[in-house]
Amino acid sequence: MLKRIIGVDVGYGNTKTSRCCFSSGVKKLPGKPPLSTRVIESQGSFYAIGSGKMSVQKSKTEDECMRVLTMAGIAEELRKDGLTSAEVHLGVGVPLTRMGAEKQAFWDYYNRSKVLSFKYEDISYAINLASVDIFPQGYAGVVAFMKDFHRSALVIDIGSWTVDILPLSAYIPDQTRCKSLPMGTITCMNDINEALRQRFGQDADETTIKDVMVYGTSDIPADYLSVIKTGLRGYVTSLMDQIRALNFNPDLTQFVFIGGGAAIMKHFLPEADMKNCLIFDDVHINAKGYENLIRHKLGG
């Protein structure tokens, strides 16, 4: 059986591997659906992937959703290589602020069964988990780039529900000052839709707002685009104010924005604030980081 190293970054908004990204919605179905697109069949149950978002929980190990999303991520990666079976070294992540509380629970959760046998889009997959490694999100994503950082840096991982803040001092994480702010991109989109309802009596779908986040513009009507851009600028201002309130000085500390939400900073952070910033808007950055750390551990 061929060996593969696969990192899966299961977020509340999206699940990312090094080459794939899909919505983290999971819905258990009463039976086999007429279409198999993004459907997992496991132990006699059927799950539709990609509709909506994963429910926010005290811990992602409370139900089968994270396991189902991880299986879908593994299947997507193997499909790109033309495989349906493999011995997988799996890498997943936990926010650094939760590593102490959740690392063991994540390890136990994924190691309940070393053999994963399931169907994805009506294709059977047979996976042996050779190992499961739990890494700190954010930090794992930037390890490969830290040679370019200043000695005082702040990694800001902008996710769907939270913004995780990781200070680095001489390239070492300062765990005493890590923070998780409830200011993810979903809160931004909710605020934008509230403004649109007040102005037009209408919402914008998530895809429309995300297009403006990612590309800085869109071909939607100009008055809608103006409201969305104003909301994104306001989000950036609020986030920067929160970071400064935690006594992080952008004149002396390099701000490193990562994750899918980092695209907002690239397009809407004022130029005056960009001088001491790095922006990595690759949504796959954590999953790639998990894989790189496993390769290093295995001597590759």
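Structure above, values below:
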item: Residues located in the range 170-202, provided they are closer than 30 Å to Asp148 by Cα and in a loop (DSSP other than H, G, I, E, B); result: Ala170, Tyr171, Asp174, Cys178, Pro182, Met183, Gly184
item: Among the residues listed as Gly159, Gly141, the single one being closer than 24 Å to Met274 by Cβ, surrounded by 23 or more Cβ atoms within 10 Å (Cβ to Cβ) and not assigned by TED's automatic domain parsing to the domain that holds Asp251; result: Gly141
item: Test for Ala144: is it modelled with pLDDT under 95 and farther than 29 Å from Glu62 by Cβ; result: yes
item: Matching entry among Gly260, Gly289 (being in contact with a Phe, Trp or Tyr (Cβ under 9 Å, 6 or more places away or on another chain) and within 30 Å of Ala130 (Cα to Cα)); result: Gly289
item: Contacts under 9 angstrom Cβ, first residue in the range 256-268 being on the phi > 0 side of the Ramachandran plot, partner in a loop (DSSP other than H, G, I, E, B), 6 or more apart; result: Gly259/Gly11; Gly259/Gln137; Gly259/Gly138; Gly259/Gly159; Gly259/Asp281; Gly259/Asp282; Gly259/Val283
item: Filter result (at pLDDT 95 or above and surrounded by 21 or more Cβ atoms within 10 Å (Cβ to Cβ)) within the range 16-38; result: Lys16, Thr17, Ser18
item: Complete set of residues in the range 91-135 that are in contact with a Cys (Cβ under 9 Å, 6 or more places away or on another chain) and either assigned to a strand (DSSP E or B) or of a type in the set (Ser, Thr, Tyr) (or both); result: Thr97
item: Residues within the range 203-246 that are in a loop (DSSP other than H, G, I, E, B) and under 14 Å from Pro270 (Cα atoms), tallied; result: 1
item: Test result for Asn249, part of a helix (DSSP H, G or I) and not aromatic (Phe, Trp, Tyr); result: no
item: Candidate set from the range 64-92 (those that are closer than 15 Å to Ser131 by Cβ and of a type in the set (Gly, Ala, Ser)); member that is surrounded by the most Cβ atoms within 10 Å (Cβ to Cβ); result: Gly91
item: Test: Met99 is assigned by TED's automatic domain parsing to the domain that holds Pro30 and buried (at least 22 other Cβ atoms within 10 Å of the Cβ); result: no
item: Residues within the range 141-163 that are closer than 21 Å to Val94 by Cα and not in a strand (DSSP E or B), tallied; result: 10
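Yes/no matrix, rows are residues, columns are (1) of a type outside the set (Phe, Trp, Tyr); (2) in contact (Cβ under 8 Å) with a residue 24 or more places away in the chain; (3) surrounded by fewer than 17 Cβ atoms within 10 Å (Cβ to Cβ):
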| residue | (1), (2), (3) |
| --- | --- |
| Pro182 | yes, no, yes |
| Ile186 | yes, yes, no |
| Met189 | yes, no, no |
| Glu194 | yes, no, yes |
| Gln198 | yes, no, yes |
| Asp203 | yes, no, yes |
| Met213 | yes, yes, no |
| Asp219 | yes, no, yes |
| Gly231 | yes, yes, no |
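The values are calculated or read from the model by the stated rules, or taken from the named source; none is laboratory data. Treat the numbers as computed from the prediction; the structure is a model and nothing was measured. Neighbour counts run over all protein chains shown; Cβ positions are idealised from the backbone, glycine included.
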